[in-house]
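Please read the structure below before turning to the comments.
The values are calculated or read from the model by the stated rules, or taken from the named source; none is laboratory data. This is a predicted model, so every value here is computed, not measured. All Cβ positions, glycine included, derive from the backbone under ideal geometry; neighbour counts span all protein chains shown. When the accessible area is computed, the model is the full protein with side chains, heavy atoms only, and any ligands, DNA or RNA have been set aside. Shrake-Rupley method; radii C 1.70, N 1.55, O 1.52, S 1.80 Å.
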Amino acid sequence: MSARVLPADDAASIDEAAAVLRRGGLVAFPTETVYGLGADAFQPIAVARVFEVKARPSFDPLIVHLADAGELSRVSPTNDPRAAALAARFWPGPLTLVLPRQPQLPDLVTAGLDTVGVRVPAHPAARRLIAAAATPVAAPSANPFGYVSPTTAAHVAELLGPAVDLVLDGGACRVGVESTVLSLASETPVILRPGGVPREALEDALGMHVGVAGRAERPLAPGQLEKHYATRTLLRIHPGPAGPAPQGRVGLLAWREARAPGYTAAEVLAPDGSAETAAARLFAALRRLDAAGLDLILAEPCDEAGLGHAIMDRLRRASAPARRARPR
Ligand code: TXA
Ligand code: MG
């Protein structure tokens with residue numbers, strides 16, 4: 001059996017998807033970053049199904065999605081002026097703020113933390129869906145836990161299939177990497193996960209230094225676990241531009257062009273040299289290489305400015321040795 005897929009730009013599909021959410025079902029929907037697997041954030045049983053379908057450990061909190069920043073008080077009592085400034089500048093958009101939670105929110109959503117991750121996605125279909133459902137929507141990326149995130153409806157259908165009640169197809173995701181997760185729990189804002197909004201832009205909006213979480217400060221959060229966003233095929237980051245292929249069936253994830261000889265398969269991320277282009281192509285390219293029956297994927301590194309930070313973060317986690325999630 002395969003997943004039911006409806007076009008996201010159709011009002012009747014949105015109404016049907018909203019009805020599925022209201023009765024406790026799961027809807028995969030497009031956002032500008034990656035596809036999300038959504039459930040009504042205030043229905044614990046629906047949220048539990050999200051964890052089950054993804055085989056996600058319950059200590060990993062979900063991001064709550066709103067249709068509009070005006071609804072923030074439904075999930076957080078914050079009156080932090082930094083949150084207001086960031087929401088005004090970056091919402092709707094690929095920024096998740098970690099804020100004090102509203103106590104009525106189910107514990108499963110926040111993994112029992114006293115904070116909640118919240119964002120307003122920029123994809124019009126996502127906002128229409130959440131508005132029609134008239135409830136905040138808890139949604140992780142719509143992929144099995146640990147694997148590469150989906151940037152098309154076909155990826156979702158292929159990986160999660162009939163476990164999802166409905167998939168809304170809104171085309172390929174524009175940004176292509178997940179939202180930046182920014183904690184405002186401390187005096188200095190801290191990036192817990194680099195993503196679609198670069199650190200430079202956050203510092204510019206806040207007029208202050210923004211930290212990046214090191215290993216020690218990371219909460220129990222698999223997006224921050226070393227092995228994540230991973231292909232099944234072994235992946236290594238090459239220390240610089242790739243040379244001729246090593247022995248075996250090796251795939252190349254190239255930055256600007258793939259001229260080095262001998263690779264069984266190759267993907268070019270940024271023919272125009274821009275990190276935005278590369279981010280939008282990253283996960284689909286990883287999937288294609290992962291499906292090519294390779295022994296190894298060799299990835300060229302990129303400059304860690306702007307979105308390059310999120311791209312290198314994903315590549316490092318994809319290349320990390322597999323290890324059991326260890327509670328810290
Ligand atoms: O772009 C995105 O953020 C996508 C789309 C669907 O919105 N969602 C996404 O969700 O990437 P997920 O569950 O795959 O990643 C959420 C990340 C995890 O690393 C989680 O630990 C972190 O956000 N997170 C959520 N709530 C948190 C909290 N209260 N404190 C710290 N980290 C939190
Ligand atoms: Mg994810």
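Does Arg23 satisfy the criteria of being closer than 21 Å to Pro103 by Cα, open to solvent by 70 Å² or more (accessible area, probe 1.4 Å) and not aromatic (Phe, Trp, Tyr)? So Arg23 fails the test. Within segment 124-157, the set of residues being in contact with a helix residue (DSSP H, G or I) (Cβ under 9 Å, 6 or more places away or on another chain), farther than 15 Å from Ala41 by Cα and away from ligand 2 (no atom under 16 Å from the Cβ) comprises Ala125, Arg128. Residues that are under 15 Å from Ala131 (Cα atoms) and touching a residue at least 60 places away in the same chain (Cβ under 8 Å) do occur in segment 44-64, at least one of them. When segment 174-184 is filtered for residues that are more than 8 Å from ligand 1 (Cβ to nearest atom) and more than 11 Å from the chain's Cα centre (by Cα), the ones remaining, listed by number, are Arg174, Leu182, Leu184. For segment 57-69, the candidate set comprises residues that are over 18 Å from Val47 (Cβ atoms) and among the hydrophobic types (A, V, I, L, M, F, W, C); within that set, the residue that is most open to solvent (accessible area, probe 1.4 Å) is Ala69. Screening segment 128-147 for residues that are closer than 12 Å to Ala17 by Cβ and open to solvent by less than 10 Å² (accessible area, probe 1.4 Å) and picking the one that is nearest to ligand 1 (Cβ to nearest atom) gives Val137. In the set (1) hydrophobic (A, V, I, L, M, F, W, C); (2) over 16 Å from Pro140 (Cβ atoms); (3) within 13 Å of ligand 1 (Cβ to nearest atom), the condition left unmet by Ala28 is number (2). Within segment 7-20, the set of residues being crowded, with 17+ Cβ neighbours inside 10 Å and under 12 Å from Ala125 (Cβ atoms) comprises Ala8, Ser13, Ile14, Ala17, Ala18.
Selection within segment 159-168: residues that are in contact with a helix residue (DSSP H, G or I) (Cβ under 9 Å, 6 or more places away or on another chain) and open to solvent by 30 Å² or more (accessible area, probe 1.4 Å). The member of this set that is modelled with the lowest pLDDT is Ala163. Just one of the listed residues (Ala142, Ala133, Ala84, Ala111) is modelled with pLDDT of 95 or more and in contact with a Ser or Thr (Cβ under 8 Å, 6 or more places away or on another chain), and it is Ala142.
Note on segment 169-208: among residues that are in a helix (DSSP H, G or I) and among the charged types (D, E, K, R), the one that is least open to solvent (accessible area, probe 1.4 Å) is Glu203.
Going by the structure shown, is Leu72 open to solvent by less than 40 Å² (accessible area, probe 1.4 Å), free of Cβ contacts under 8 Å to residues at least 60 places away in the same chain and more than 12 Å from ligand 1 (Cβ to nearest atom)? Spelling it out, Leu72 is indeed open to solvent by less than 40 Å² (accessible area, probe 1.4 Å), free of Cβ contacts under 8 Å to residues at least 60 places away in the same chain and more than 12 Å from ligand 1 (Cβ to nearest atom).
Looking across segment 158-168 at every residue that is more than 17 Å from the chain's Cα centre (by Cα) and in a helix (DSSP H, G or I), the one that is farthest from ligand 1 (Cβ to nearest atom) is identified as Pro162.
When you scan segment 305-328, do you find a residue that is surrounded by fewer than 17 Cβ atoms within 10 Å (Cβ to Cβ) and touching a His at 6+ places or on another chain (Cβ under 9 Å), even just one? Among the residues of segment 305-328, at least one is surrounded by fewer than 17 Cβ atoms within 10 Å (Cβ to Cβ) and touching a His at 6+ places or on another chain (Cβ under 9 Å), which makes the answer yes.
Starting from segment 220-247, take each residue that is modelled with pLDDT under 95 and list its partners that are open to solvent by less than 50 Å² (accessible area, probe 1.4 Å) and of a type in the set (S, T, N, Q), counting only C-beta distances under 7 angstrom and pairs at least six apart or across chains. Partner pairs satisfying both residue conditions: Tyr229/Ser149.
Evaluation of Val109 against the conditions (1) within 14 Å of Pro61 (Cβ to Cβ); (2) buried (at least 23 other Cβ atoms within 10 Å of the Cβ); (3) in contact with a Lys or Arg (Cβ under 7 Å, 6 or more places away or on another chain) shows that the sole unmet condition is (3). The one condition from (1) in contact with a helix residue (DSSP H, G or I) (Cβ under 6 Å, 6 or more places away or on another chain); (2) within 16 Å of Arg127 (Cα to Cα) that Pro44 does not meet is (2).
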